[in-house]
Amino acid sequence: MDKNLKNKITNIYESSSIDKSLYSSSGLNEQSIPVFVGEWLIDRQLKGGDWDESVKQQVIGFIHKYMPTKDEVEDLKQRLRNGDNVSVLEYISPKVNLNRDQTYLESGSLGNQKAFIEEILLSKFPRLLKGGLWGLAIYGYRRTDDGGEVWLNDFKPLQAAAIDFDEYVENRNKFSLDEWLQLLINSLGYSAEDKGYGTKQKRQALLTRLLPFVQRRVNLFELAPKGTGKSFLFGQFSRYSRLIEGGAVSPAVLFYNENTKVPGLFTQFDVVVFDEAQTLSFSSPDETVAKLKGYLEQGKYSKGKYTVSADAGAVFIANVQIDSKGLPVNKHNLFGELPKLLQESALLDRIHGILPGWNLPRMTVGALSDGVGFKADFLGEIFHFMRSRIEFDRFVEERSYMIGSKDFRDVRAIMRMSAGFLKLLFPNLSDVNDNDFIEHCLKPAIELRQRLREQLYYIDPEFKNYEITIENEGSGVIISMEEPDGEIGEANGLE
């Protein structure tokens with residue numbers, strides 16, 4: 001990153017920026033610590049100072065003290081028996097057992113030891129029961145007539161400092177679009193230069209990955225070669241995303257567990273990501289696919305007597321074979337190697353776009369950022385906050401006549417993705433003009449949907465093949481981003 005831009009970012013976003021190379025050079029990634037946690041730890045020790053060997057050792061010392069290795073588990077248990085409190089930094093996600101009238105968790109730091117949790121902590125930190133939190137867990141041991149129990153006596157969540165969204169937006173005006181793009185890309189831990197993500201195609205693909213973080217219910221399919229960092233960003237960038245790493249997935253996990261009465265992942269996170277989609281299977285295929293189609297369409301589902309609305313986006317990521325030119329081997333059927341359940345046209349039509357991951361480079365040392373960007377926990381909170389800003393949706397709705405398609409799902413998908421690009425690139429909404437919107441938001445969204453539209457045509461002849469255009473002259477017809485009441489079904493037209 002250019003030195004002048006580094007200084008500019010540091011000066012303008014002093015409290016919310018960090019040298020992005022610190023995480024990769026700290027060794028925290030080798031400890032399987034998410035970026036937003038690692039940068040929080042680094043910033044906690046830096047306190048505005050320099051990253052030198054002494055600070056690095058402080059971070060390592062903190063990790064050794066509060067993130068024990070497997071061979072320390074029995075020692076920690078013995079300390080609990082002896083009456084000591086044990087403090088560990090870990091991810092806490094309690095479960096409710098109604099049959100036994102108890103709430104408990106399983107501590108990975110204590111060898112998946114079952115531990116009960118104080119009710120006051122559940123009231124104080126309600127997100128513990130809505131997907132869990134990273135933080136400092138303080139355990140104690142209580143003797144009973146039957147032996148003893150481990151209890152979570154206290155919890156100190158790892159949280160970003162208070163964010164100032166207005167300041168974030170106002171300071172956007174001090175950067176050119178290219179500078180802002182570099183800032184966003186570096187914030188993800190990648191280099192925005194030629195050795196990494198310096199081209200328009202690469203940057204566009206990377207930005208597309210962020211759409212579900214800032215826009216409600218954006219559903220994407222990413223197809224990319226191995227080693228392009230597909231799961232890295234979704235799994236480590238934000239505490240609001242959940243990565244499912246292939247294998248069998250049950251309706252109880254996704255939607256609602258009738259035994260424990262705990263809502264599924266779609267209610268707990270902003271983004272639910274199905275990694276290694278080529279190995280994906282469902283324990284109850286017909287039921288799960290039916291509910292998944294309903295959720296992707298309308299943002300709600302029923303399980304037994306339980307009905308819920310949610311706004312999480314669904315992202316499916318899978319490998320694709322590429323040729324010597326870096327393009328998919330079978331461009332006419334990108335889904336050919338996926339399970340049959342993911343080749344159903346009715347399901348795929350509910351996906352908003354295909355992210356061309358073949359445009360992204362393999363992850364190399366040179367592709368990692370050596371510049372300055374937003375702290376991961378800060379940007380994660382900013383993105384989460386932006387999901388509820390409906391003024392961006394209204395801006396897009398007022399320009400929906402620009403979308404040259406009468407297919408409702410085409411229009412809605414393009415509108416949602418356009419609104420997402422708008423939030424990412426032009427959070428200062430009052431300063432964006434129609435030309436910028438068309439070039440940097442609408443066109444990329446149409447390309448994403450067009451790619452999916454073409455695949456639908458190859459898979460199912462009932463889907464027409466046509467080019468989605470941009471209408472230059474306003475027709476005066478404004479299409480709402482919200483769904484009409486009732487089922488939309490398979491209708492192709494919206495007059």
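The values are calculated or read from the model by the stated rules, or taken from the named source; none is laboratory data. This structure is a prediction, so every number in the text was calculated from the model and none was measured. Using ideal geometry, Cβ is built from the backbone for each residue, glycine included, and neighbour counts are taken over all protein chains shown. Side chains are part of the model used for accessible areas, which takes the heavy atoms of the whole protein and leaves out ligands, DNA and RNA. Shrake-Rupley method; radii C 1.70, N 1.55, O 1.52, S 1.80 Å.
Tell me, in nm to one decimal, what length is gained between residue 346 and residue 74 on full extension, where the rule is 0.36 nm per residue of separation less the Cα-Cα distance?
Details: separation 272, 0.36 × 272 = 97.92 nm, distance 5.18 nm.
Separation in residues times 0.36 nm, less the Cα-Cα distance, equals 92.7 nm.
Read phi for every residue in the stretch 328-337 and hand back ³J(HN,Hα) as whole Hz from Karplus 6.51 cos²θ - 1.76 cosθ + 1.60, θ = phi - 60°, with x for Gly and Pro.
So the J values, rounded to whole Hz, are x, 5, 10, 5, 7, 8, 5, 9, x, 9.
Enumerate the lysines that residue 406 could reach by cross-link, defined here as Cα to Cα under 16 Å, with residues fewer than 8 away along the same chain left out.
464
Can you find, among 104, 210, 188, the residue farthest towards the positive end of the dipole of the chain? Put +1 on the C-beta of Lys and Arg, -1 on that of Asp and Glu.
So the residue furthest toward the plus end is 104.
Where does the chain land on Rg/Rh, using Cα atoms and the Kirkwood Rh? Mind dumping the intermediate values first?
Working: Rg = 23.6 Å, Rh = 24.2 Å.
Here the Rg-to-Rh quotient is 0.98.
How much length would be gained if the chain were fully extended between residue 116 and residue 177, taking 0.36 nm per residue of separation minus their Cα-Cα distance, in nm to one decimal? Intermediate values should be presented prior to the final figure.
On the way: separation 61, 0.36 × 61 = 21.96 nm, distance 5.03 nm.
Length gained between residue 116 and residue 177: 16.9 nm.
Determine the calculated [θ] at 222 nm for the chain from helices alone, applying -39500 (n - 2.57) to every DSSP H run no shorter than 4 residues and normalising by the residue count; nearest 500 deg cm²/dmol.
Details: 20 runs with 180 residues, N = 495.
Result for the chain, helices only: -10500 deg cm²/dmol.
Tell me, what does the Kirkwood hydrodynamic radius of the stretch 168-305 come to in angstroms if you use every pair of distinct C-alpha atoms? List each step's numbers first, then the result.
Working: mean 1/r = 0.0587 Å⁻¹.
When all Cα pairs of the stretch 168-305 are included, the Kirkwood radius is 17.0 Å.
May I have the pair-distance distribution P(r) for the stretch 333-480, computed from all Cα-Cα distances with 5 Å bins from 0 and rounded to whole percent?
Calculated P(r), rounded to whole percents: 2, 8, 16, 17, 17, 15, 12, 9, 3, 1, 0.
What distance in nm lies between label points placed 7 Å from Cα along the C-beta direction at residue 167 and residue 433?
Here the answer is 3.1 nm between the modelled labels.
Between residue 290 and residue 331, what is the FRET efficiency for a Förster distance of 22 Å, r being their Cβ-Cβ separation, to the nearest 0.05? Don't skip to the answer; put the middle values down first.
On the way: r = 30 Å, r/R0 = 1.38.
The calculated FRET efficiency here is 0.15.
Return the aspartates and glutamates within reach of residue 230: Cα separation strictly under 14 angstrom, same-chain partners fewer than 8 residues apart disregarded; answer none if there are no such residues.
Partners found: 222, 245, 275, 276.
Under a 1.4 Å probe, what is the accessible area of the chain per residue, stated in Å²? Provide the component values of the computation, followed by the final result.
On the way: 22420 Å² over 495 residues.
For the chain, the per-residue accessible area is 45 Å².
What distance in nm lies between label points placed 7 Å from Cα along the C-beta direction at residue 259 and residue 142?
Between residue 259 and residue 142, the simple spin-label model gives 2.6 nm.
For the pair residue 85 and residue 100, how long in nm is the line joining their label points, each one 7 Å along Cα→Cβ?
My value for the distance between the label points is 2.5 nm.
Taking every DSSP beta bridge with both residues inside the chain, roughly what % is antiparallel (nearest 5)?
Numbers: 37 of 60 bridges.
Of the beta bridges lying entirely in the chain, close to 60 percent run antiparallel.
Can you pull out the trypsin sites (Lys or Arg not before Pro) in the stretch 209-245 that DSSP calls coil and that have at most 13 other Cβ atoms within 10 Å? Don't skip to the end; give the middle numbers.
Values: sites: 209, 216, 217, 226, 230, 239, 242; in loops: 209, 216, 217, 226, 239.
Counting only loop positions with at most 13 other Cβ atoms within 10 Å, the trypsin sites (Lys or Arg not before Pro) in the stretch 209-245 are 226.
For the stretch 1-99, place one equal point scatterer on every Cα, skip the solvent, and apply the Debye formula. What is log10 of I(q)/I(0) at q = 0.24 Å⁻¹?
The calculated log intensity ratios at q = 0.24 Å⁻¹ are -1.30.
Computed FRET efficiency, Cβ-Cβ of residue 324 and residue 385, R0 51 Å: what is it to the nearest 0.05? Numbers along the way, then the final one.
Working: r = 44 Å, r/R0 = 0.87.
Using R0 = 51 Å, I get an efficiency of 0.70.
On the accessible surface of the stretch 1-94, probed at 1.4 Å, how many percent belong to carbon and sulfur atoms?
Numbers: 2180 of 5190 Å².
Carbon plus sulfur share of accessible area: 42 percent.
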